[in-house]
Amino acid sequence: MPIIEVLQEWYKNISQNSMCMGIHIETVDNSGWCVCIDLFETAYENRSFQTVYMRKSRSNWFKCTKKNGLFKGSGGVQNLEDILKVFYCWIKARKA
């Protein structure tokens, strides 16, 4: 399933049962991405997450963290899909 469909389905499911503020995807001034996904009042709010950091080059990198009920990812201009895949793999693993 394409990552955008995964996010749409996840948000559809949680927006009916929580007060979370949703998903924010922004560009940043250093030619990269910032993703913030609110987990407030979801099954994922208090679940553990291991920080993920990958750096292949100066412009090809990403880092994903979870703190205070927020999943946050940042990365280079070509790493938006990497960030979203980390989130997807984490929520998929938590269903098992």
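The values are calculated or read from the model by the stated rules, or taken from the named source; none is laboratory data. Just so you know, these numbers come straight off a predicted model, no measurement behind them. Reconstructed Cβ throughout: ideal geometry from the backbone, glycine too, with neighbour counts over all protein chains shown.
A few points about this structure:
- Applying a threshold of 8 Å to beta carbon distances and a minimum spacing of six or more residues, or different chains, the list of pairs starting in segment 30-43 at a residue that is over 18 Å from ASP82 (Cα atoms) and at pLDDT 85 or above and ending at one that is of a type in the set (D, E, K, R) and surrounded by 14 or more Cβ atoms within 10 Å (Cβ to Cβ) reads LEU39/GLU45; LEU39/LYS66.
- Residue within segment 9-16 that is among the small types (Gly, Ala, Ser), surrounded by 11 or more Cβ atoms within 10 Å (Cβ to Cβ) and farther than 13 Å from PHE87 by Cβ present: yes
- Of all the criteria given as (1) in a loop (DSSP other than H, G, I, E, B); (2) surrounded by 15 or more Cβ atoms within 10 Å (Cβ to Cβ); (3) among the polar types (S, T, N, Q), the one not satisfied by SER74 is (1).
- Qualifying position, being over 19 Å from LEU7 (Cβ atoms) and among the polar types (S, T, N, Q), among THR65, THR51: THR51
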